[in-house]
Amino acid sequence: MTSSGTNRGGDSPTAAWEVLLPAASAPARARGRSLQAALREAIRAGRLAQGTRLPSSRDLAADLGVSRGLVTEAYEQLTAEGYLRSGRGAGTWVGAAVRAAPARARDLAPRSPGARADFVPGTPDLSLFPRAAWAAAQRAVLAELPHHELGYPDPRGLPRLRTALAELLTRRRGVVADPERLVVVSGVAQAATLLGFALHARGIRTIGVEDPGSPQHSDLYASAGVDAVPLPLDDEGVAVGPLRASGVQAVVTTPAHQFPTGIACSAPRRTELLDWARSVDGFVFEDDYDGDFRYDRAPVGALQGLDPQRVAYAGSVSKSLAPGLRLGWLLVPEALAEEVVERKRTMDLGHPTLDQALFARFLERGDYDRQLRRCQRAYRERRDTLVDALARHFPGAEVSGIAAGLHVIATVPERYGPPARFLAGADAAGIAVRPLEAYRHARVPDAGDARVRLVLGYAHLSPARIRDGVRLMAEAAGG
C-alpha cells in the first residue's frame, strides 16, 4: 500500500486494504455503501483495532481503485457515527468508542446437549410439525391477506382468528368462548403474565400455585408483582382446605391433567374450587396445556365451561404444533378483560398478523384437527411403549398419570434407591431425567424415603429410543 503513516501497536494500514478490497469490487451504485459497511464491520469485529491509523483518503482510493470521494465519504460517515476519529492534519484513526462484537451468538434454548436418552418432559415431537400444510397455508395467506391487515392489529388478535378459536375451543374443550373476551397471546407464559398484571391492578398480591407444579409460575407472577403461594395436592387435585386457609384470591390449576403428577381434577373438586372462588370474589386460572391429549376416553371438558366469570382459560399450540411458534390464547373473565387487553397492547401492540391469519386458515380448513389426531395416535403409541419398557426393565414399578398428556410418573422399587444414587448413575450414563421433587415449590424435608419418583416425558422420543433409553436407565441403576 502506498501509505506510510505511523501506526499504534505495530498495526499495518495494509489491514485496511485487505478487509476493504472485496467492497471495492461491488457494483458501482452500491460501492460506497459496501465500503462503509466493510469498514464498519472490520472495526466492530476487532480486525481494525482501537488506535489504528488509517491510510489517507488519497492513498486508500488509489490502492482500492475507487474514487477519492467514496473514501472521503466513508471516512466522514463513520466519523459521524463514532467509529473513527480525525483531526486537521492528524489523519484518521479507529476510535475508542467501539468494542469488538462477540465472535458468535450463544444459543440459550433449553436442551439436554449430548444426552444418550432425554426423558425431560415438556417437548413434543417437533418432527410431526405439518410443514407441507403450514407452507400451503402461508402461501395462501400471503396471496389473499388485505393490505390493511398488515397494520397494527387489534391487541386481542384478528377477529378471524378469535372467531375460529372460539369455535374450536367450544367444540373440543367445552368452554364458553366469547370471541370478544378471547386474547391471542404468545403462549401460556404470556397469558400468565397478563393475568398477573390484571390481578395486581385489582389489589391482589398473591396467587396459589399447585405444589408440585410448573417451575415457571413463581417467576412469571413475580414479574407482575404477584407472589406465588405453594398449595398441596391430594388425589382429586388442589387440596381445598389449604387453599381456603392460604388467604389467596386466585389460584392456578391444571385440572385436565395436573403437571407433573397427572391427577385429573374430580367433578366434586371442580365444584369446590368454583365455590371457593365465588366465596372470596376470586379467580381460577386454568392452564389447559395438554388437554387435547387423552388416550383411553374422551378428553375431560374444561373447568372454564362451568363458570366463565370466575375462570380464566389459557392454552397454546406448543404441544400440538411447536413451542417455537409462540402462539396461544387466553379467555378472560369479563371483570379482568379490560386490564388484560390494555396490558397486551402496551406489552407488544398485538401478536404478529401474518402468524394469526395463517393459523386462522389452518383452523378453518380442518388442518389443526387433523394435526391433533396425528399427534394423538403417535403419542398413545409412545405412552404404551414407555409403560411396557418400564414393566420389563423395572419390575414392580408403579406408573401413574398415563391416561392423558405427554409424560408419566414412574415410581421404581426401593431397591433402585436412594434417589440421589439413582439420579447420579443416570447422569453419569448420559440419561437426562427429572425427579418429581424437582417440581416442588416448597421444599419438603427428606424423611428417608428411598423411592425414586420420576417424571418421564415421552412425546419427543420414538418408540425405539424409548425402549433403548429405559434399558440404559435400568443398567445405570444396576437393574
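The values are calculated or read from the model by the stated rules, or taken from the named source; none is laboratory data. The model shown is predicted, which means the values in this text are computed figures rather than measured ones. Please note: Cβ atoms are built from the backbone with ideal geometry, for glycine as well, and neighbour counts cover all protein chains shown. Heads up: the accessible areas ignore ligands, DNA and RNA and are worked out on the full protein's heavy atoms, side chains in. Shrake-Rupley method; radii C 1.70, N 1.55, O 1.52, S 1.80 Å.
Quick check on the range 232-347: take the gyration tensor over C-alpha atoms, sort the square-rooted eigenvalues as a ≥ b ≥ c, and tell me if it's rounded (a/c under 1.5), prolate or oblate.
oblate
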Amide H to amide H under 5 Å from residue 214: which residues, 5+ apart in sequence or cross-chain, H placed 1.01 Å off N in plane? none
1/(1 + (r/R0)^6) with r = Cβ-Cβ of residue 391 and residue 354, R0 = 45 Å, i.e. FRET efficiency to nearest 0.05, evaluates to 0.40
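Compute the signed sum of charges (Lys and Arg +1, Asp and Glu -1) over the other residues within less than 15 Å, Cβ to Cβ, of residue 136.
Net charge in that neighbourhood comes out at +2.
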Heavy atoms only, probe 1.4 angstrom, no DNA, RNA or ligands counted: give me 342, 364 ranked by accessible area, highest first. 364, 342
Write down Rg/Rh for the range 182-233, rounded to two decimals, with Rg from the C-alpha atoms and Rh from the Kirkwood relation over Cα pairs. 0.97
Can you work out ³J(HN,Hα) from phi for every residue in the range 195-204, in order, using Karplus 6.51 cos²θ - 1.76 cosθ + 1.60 and θ = phi - 60°, giving whole Hz and x for Gly and Pro? 5, x, 5, 5, 5, 4, 5, 8, x, 8
Sorted by chain and number, the residues with a modelled amide H under 5 Å from that of residue 252, at a separation of 5 or more or across chains, are 208, 209, 210, 285
Compute the long axis of helix 267-279 from its Cα atoms, compare it with the longest principal axis of the Cα atoms of the chain, and write down the angle in degrees, 0 to 90, nearest 10. 70 degrees
Residue 88 paired with residue 377, simple spin-label distance in nm, labels 7 Å along Cα-to-beta-carbon: 8.2 nm
Helix-derived [θ] at 222 nm for the chain: sum -39500 (n - 2.57) over DSSP H runs of at least 4, divide by residue count, nearest 500? -13000 deg cm²/dmol
Would you mind computing, in nm to one decimal, how far apart the modelled labels at residue 99 and residue 398 are, each placed 7 Å from Cα along Cα→Cβ? 5.5 nm
Express in nm, to one decimal, how much length is gained between residue 144 and residue 58 on full extension, taking 0.36 nm for each residue of separation and deducting their alpha carbon distance. 25.5 nm
Using alpha-carbon coordinates, inclination of helix 159-173 to the longest axis of the chain, degrees: 30 degrees
Given a Förster distance of 30 Å, the FRET efficiency implied by the Cβ-Cβ spacing of residue 81 and residue 21, rounded to the nearest 0.05, works out to 0.85
Return the whole-Å distance between the Cα centroid of the range 167-226 and the Cα centroid of the range 240-269. 15 Å
Dimensionless Rg over Rh [the chain; C-alpha; Kirkwood]: 1.12
At R0 = 22 Å, how high is the FRET efficiency between residue 414 and residue 437 if r is their beta carbon distance? Nearest 0.05 is fine. 0.90
How much solvent-accessible surface does residue 385 expose, in Å² to the nearest 10, with a 1.4 Å probe and all protein chains in place? 20 Å²
Among DSSP beta bridges whose residues both lie in the chain, state the antiparallel percentage, nearest 5. 60 percent
Quote to one decimal, in nm, the extra length available between residue 127 and residue 421 on full extension: 0.36 nm per residue of separation minus the C-alpha distance between them. 102.4 nm
If you roll a 1.4 Å probe over the range 290-438 with all protein chains in place, what percent of the accessible area is carbon or sulfur? 49 percent
Residue-normalised accessible area of the range 159-239, given per residue in Å² at a 1.4 Å probe: 36 Å²
Multiply the residue separation of residue 235 and residue 167 by 0.36 nm, subtract the distance between their alpha-carbon atoms, and state the gained length in nm to one decimal. 21.2 nm
